[in-house]
1. Percentage of Cα-Cα pair distances in the range 198-288 greater than 22 Å, rounded to whole percent?
2. Hey, got the dipole for the range 88-171? About the Cα centre, +1 on K and R Cβ, -1 on D and E Cβ, debye to the nearest 20?
3. What is the spin-label model distance, in nm, from residue 224 to residue 66 if the labels are put 7 Å beyond Cα along the C-beta direction?
4. With axes computed from alpha carbons, what is the tilt in degrees of helix 124-138 against the longest principal axis of the chain, rounded to the nearest 10 within 0 to 90?
5. In 5 Å bins starting at 0, how do the alpha-carbon pair distances of the range 157-207 split up by percent?
6. Specify the angular offset, from 0 to 90 degrees and rounded to the nearest 10, of the alpha carbon long axis of helix 274-283 from the longest principal axis of the alpha carbons in the chain.
7. Cα to Cα, under 17 Å, and not fewer than 8 places away if on the same chain: which aspartates and glutamates meet these conditions relative to residue 3?
8. Sorted by mean Cβ packing within 10 Å, highest first, what order do the peptides 31-39, 11-19, 96-104 take?
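The values are calculated or read from the model by the stated rules, or taken from the named source; none is laboratory data. All values derive from a computational prediction rather than experimental measurement. Cβ: placed from backbone, ideal geometry, glycine included. Neighbour counts: every protein chain shown. Calculation scope for accessible area: heavy atoms of the full protein, side chains included, ligands and nucleic acids excluded. Shrake-Rupley method; radii C 1.70, N 1.55, O 1.52, S 1.80 Å.
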Amino acid sequence: MKKILIVGMGGQLGFELKRSCPGNCSLIAPTEAELDITDRAAVTGHIVAERPIAIINCAAYTAVDKAESEADRAFAVNQNGPQYLAEAAKAVDALFVHISTDFVFSGNQGRPYRPGDQPEPLNVYGKSKLAGEKAVLASGARALIIRTAWLYSSHGNNFIKTMLRLMSERDSLGVVADQTGTPTWAAALAELIWRLVDKNTTGIFHWSDAGTASWYDFAVAIYEEATALGLLKQPVQIRPIATADYPTPATRPAFSVLDKSTAYAASGLQPVHWRANLRKMLSELRPV
């Protein structure tokens, strides 16, 4: 059995990695209480004792707006934590898999971002995630960095769950229509991760579902698909609004679509269109 250590199992991606874990792998999944990734000595001791063949880091500080006022905490979790994990991975010669974000880019390029494009984060969250990437690469570990975007799952909190709640409470919603990216079903990302871990792949890759959408497009699709599945009963008017009409503490990229072509080549997987994966995920929320 291949021993795999997953940090952050309690989140959306950790949940999907666990339920899609290959039969020849044995998972070690310490909780946050059991392993504080911002404690270098604790990280080193835990990993040296366990000696996994791969470490998958799903832990992150992801409160984008809150990070603007909690920069120290964001950098502790998103930079220091990955650094300590990667250093420990190098010590036991484990593959280190690190999950990053489209928010390392400015969104001003006007075409999908390739892994080699110059990062230029606009907010503290993006800056902390980029710092984490750099720390991982500087560690000398065998590293696989996967940038993803707009992650969701039937487990945990996300944009879809928020929209379903609001759509059940209100008859009208305004959703930002001038920020474009691509939703990503965490189950599809988990499949890619397991494929690349099996191949012992290293490097920086991008992954999301196929296609593009604004948050408004995504919300309309959530409404239509959820209504078709019987998850929503009442009509809701969804209005497109501008970013300027919905000010937030953190500035977000206007166009953060990711180019996934190198991930296709490395994995042999082709991403499914985001709307098809949305339908699959929503079907998991239907009462049995």
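1. On the way: 2001 of 4095 pairs.
Summing the P(r) of the range 198-288 above 22 Å gives 49 percent of all pairs.
2. Working: 11 positive and 7 negative charges, 20 e Å.
About 100 debye.
3. 3.4
4. Computed tilt is about 30 degrees.
5. The distribution over the range 157-207 is 4, 13, 18, 16, 14, 12, 10, 7, 4, 2, given as percents.
6. In the chain, helix 274-283 runs at an angle near 90 degrees to the longest axis.
7. 50, 93, 198
8. Numbers: 31-39: 14.4, 11-19: 21.6, 96-104: 25.8.
Top to bottom by mean Cβ count within 10 Å: 96-104, 11-19, 31-39.
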